[in-house]
Amino acid sequence: MKKITAPLFFALASSVLSYAAFADTGNNSALIKQGEYVARTGDCMACHTVGNAKPYSGGLGIKSPFGIIYSTNISPDPKFGIGNYTEQQFADAVRKGVRKDGSYLYPAMPYPSYAKMTDQDIHALYVYFMHGVQPAAEQPKQTDLSFPFNQRWGIMFWDKLFTRDGAFTPTANRSDEINRGAYLVQAAGHCGSCHTPRAISMQEKAYDDGSDQFLAGTELNGWNVPSLRAGGDGSKGIDGWSVQEIVDYLQTGRNQHAAVGGEMTAVIQHSTSHMTDADVKAIAEYLKTLPQKYSANESKSFSEDARTKTENQLTQATDLTAGQRVYLDNCAACHFVTGKGASGVFPPLAGNALASAENPTGLVSIILNGSRLPTTPKAPTQLAMPDFGWRLTDAQVADLATFIRSGWGNSQAAVSASEVKKIRAQLRAPDVTSKPMDLDGVKHYSAQKPQ
Ligand code: HEC
Ligand code: HEC
Ligand code: HEC
C-alpha cells in the first residue's frame, strides 16, 4: 500500500474541513434561488427528468458504449431519491461520482466536469435540492448492464486514471469575465462532455484549455458536434461568429448561421437560455479566446462562387439531378434556392455545420424526423422543420442528402440508400437518447418508412 504523504494528507483533510464549514441553512430562500440557478448552469434537469414526469424523478436512458444507463431520482424523496444524503455525500456524488453507499457512478453523469464546481455552488445546489425541489416518490428504470460493465468497482480505476479533483482555479492574467466564462464552460456547463473528442478509453482528451483538443469538436453517435474554439480567422464554423451571434444561439437556439438540432436543443432549452445575459456573454467571450485548429482540407473550403453556381442551377431548373428535384419539391420553400435560408427563421444550408459534416447521420436524421427549435424566454416562437421520413424513400433521402452535401460549396461525399436505411432503423429504436433530449412532445421517433 502506498503511504499518504503528509502534505497530501493535509490537503485532503483541509478540503474536507473547508467543506464542513457550511451548515445546512435550511429554508433560506435566497440560497434556494441561487441553487436553482446553479442547477440551470449544470443542466441537471435535462438528464434527471423525462418529459412531463415529476422534476428530477430520473429514468432517462442514456446510450453508452456499454449499454443503456438510466439516470436516478435526485429529488429529496428519502426512499427513491436523495433525501437522506448529507451535504458531504451529495458533494461526493456530484464531484467525485461516488454514491452514499460508496459505489461508483457511471461517467454518464458528468462528474469529471462537475469536479471543478466550487464549494459555494455545491452548497447552494444542495440546499436547493433539499428544500426547493418536491420529493417524487417514484422508482425510475434501473440500469442493468451486462458483465463486466455491471461491476461498478471497475469505474474506480477509470476515475483514478482519468479524473481530477480540485475546484476550478481562475487564471491570473484573464479578466473576471473570461474566468467566469471558463468556469461555466469547464465546470457546471460540462460543454466538453459533448464537444471534446474522447480517447479510446472514453475519457475526454482534455478538461480545460491547456490543450487544443479541448472543445475541438467530435461526434455523438454519428451526429456532428462542432468545435467551440471560436478564435480564428473566421473561415471555419463558429470562429466566423461574433460574440453577439454566439449569445443569440445560446439564448434562442438560432442566429444567421445555424438553428439548433439534436442534443444541443435540450442544453439550450433547460440551461443556457435561462442563464443571465452576463453569464452567456462571459461564455461567448471565453470561447473567443480559444484558437481554432485548422487542417489543410477543412479550412476555407466554402466558396461563394460555388454557392452561386448551385443557386443558378436550381433557378434555371434544367438538367437537375434527382436530389436537386427532391430539394425543389420539398425544401426550397423554406431554405430557398440560395441555400442561405432566412436569418433567425430558416437556417442556411450552405456552409452549415450539420449539412457539411463528414458524417451524414445528423443531416439524414433531421430530414427523416424533422426538428423543433426550443421555446426559450427570449424566443418563444415555435419554429419547426417538418419530418419527411413518412414521405420520402431511402433512395430519395440519399439523393437529397448527396445534393445538400455537395451543393452551394459544401463538399462532402455522397450518401447511399443503405446508409439512410440504417439511420432510419436506429431512429425507430425505443425511447432512449444518446444524451439528454426533451423536445416537448415532438414526434421524435416517428420515422416510419413510406409504403
Ligand atoms: C449528462 C447527463 C447528466 C447530467 C447533466 C446530470 N446527471 Fe446526475 N446522473 C446521471 C446519471 C446517468 C446518473 C446515474 C449513474 C449511475 O447509475 O451510475 C446520475 C446520478 C446522479 C446522482 C447520484 C444519485 C444516486 O442515486 O445516488 C446525483 C446526486 C446526481 N446525479 C446529481 C446531479 C446534479 C446535481 C446534476 C446537475 C448539476 C446532475 N446530476 C446532472 C446523469 C446526469
Ligand atoms: C449533450 C451534448 C452537448 C452538450 C452538453 C453541449 N453541447 Fe453544444 N452542441 C451539441 C451538438 C450535438 C451540437 C450541434 C447542433 C446541431 O447540429 O444543430 C452543438 C452545437 C453547439 C453550438 C453551435 C456550433 C456551430 O458551429 O453550429 C454552440 C455555440 C454550442 N453547441 C455551445 C455549447 C456550450 C457553450 C455548451 C456548454 C454550456 C454546450 N454546447 C454543451 C451538443 C452538446
Ligand atoms: C416549413 C419550412 C421548412 C421546410 C419545408 C424544410 N425545412 Fe429544414 N428547417 C426549417 C426550420 C424552421 C429549421 C430549424 C429547426 C431546428 O433546427 O430545430 C430547419 C432546419 C434544418 C436543418 C438543420 C440546420 C442546422 O443549422 O442545424 C437542415 C439540415 C434542414 N432543415 C434541411 C431541410 C431539408 C433537406 C428539407 C427538405 C426535405 C427541409 N429542411 C425542409 C424549416 C423547414
Residues of region 240-254 classified as touching a Pro at 6+ places or on another chain (Cβ under 9 Å) and more than 9 Å from ligand 2 (Cβ to nearest atom), total
3
Among helices (runs of 4 or more DSSP H) entirely within region 146-226, at least 3 residues that are modelled with pLDDT of 90 or more occur in 176-186, 192-195
Pair list, Cβ under 8 Å, 6 or more apart: region 212-233 residue over 30 Å from GLY67 (Cβ atoms), other residue basic (Lys, Arg):
ASP212/ARG229; ASP212/LYS293; ARG229/LYS293; ALA230/LYS288; GLY231/LYS288
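Conditions tested, residue by residue: (1) under 27 Å from GLU36 (Cβ atoms); (2) among the acidic types (Asp, Glu).
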| position | (1), (2) |
| --- | --- |
| TYR85 | yes, no |
| PHE90 | yes, no |
| GLY97 | yes, no |
| SER103 | no, no |
| LYS141 | yes, no |
| ASP159 | no, yes |
Would you check which residues across region 147-185 are of a type in the set (Ser, Thr, Tyr) and either in contact with a Ser or Thr (Cβ under 9 Å, 6 or more places away or on another chain) or farther than 17 Å from ILE122 by Cβ (or both) and list them?
THR171, SER175, TYR183
If you scan region 147-178, which residues turn out to be surrounded by 17 or more Cβ atoms within 10 Å (Cβ to Cβ) and of a type in the set (S, T, N, Q)?
THR163
What are the residue pairs meeting all of these: first residue in region 32-59, first residue more than 15 Å from LEU125 (Cα to Cα), second residue aromatic (Phe, Trp, Tyr) and at pLDDT below 95, Cβ atoms under 6 Å, and 6 or more apart or on different chains?
GLY59/TYR70
Determine which member of the set PRO112, PRO135, PRO107, PRO140 is over 19 Å from ASP43 (Cβ atoms) and either outside the structural domain of CYS44 (by TED's automatic domain parsing) or surrounded by 13 or more Cβ atoms within 10 Å (Cβ to Cβ) (or both).
PRO135
Among helices (runs of 4 or more DSSP H) entirely inside region 297-365, those with 2 or more residues being in contact (Cβ under 8 Å) with a residue 60 or more places away in the chain are 304-316, 322-330
Taking PRO377, is it surrounded by fewer than 22 Cβ atoms within 10 Å (Cβ to Cβ) and near ligand 3 (Cβ under 8 Å from one of its atoms)?
no
Subset of region 227-238 that is touching a Pro at 6+ places or on another chain (Cβ under 8 Å) and modelled with pLDDT under 90 - its residue that is nearest to ligand 3 (Cβ to nearest atom)
GLY237
For the structure I just gave you, tell me whether ASN221 is closer than 19 Å to CYS47 by Cβ and surrounded by fewer than 18 Cβ atoms within 10 Å (Cβ to Cβ).
yes
Inspect region 56-72 for any residue being over 20 Å from the mean Cα position of the chain (by Cα), crowded, with 16+ Cβ neighbours inside 10 Å and modelled with pLDDT of 85 or more and give the result as yes or no.
yes
Return yes or no: is ALA124 of a type in the set (Gly, Ala, Ser), in contact with a strand residue (DSSP E or B) (Cβ under 8 Å, 6 or more places away or on another chain) and touching a residue at least 24 places away in the same chain (Cβ under 8 Å)?
no
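The values are calculated or read from the model by the stated rules, or taken from the named source; none is laboratory data. Values in this document were obtained by computation on a predicted structure and should not be read as measured data. Cβ coordinates were reconstructed from backbone atoms using ideal geometry, including for glycine residues, and neighbour counts include every protein chain displayed.
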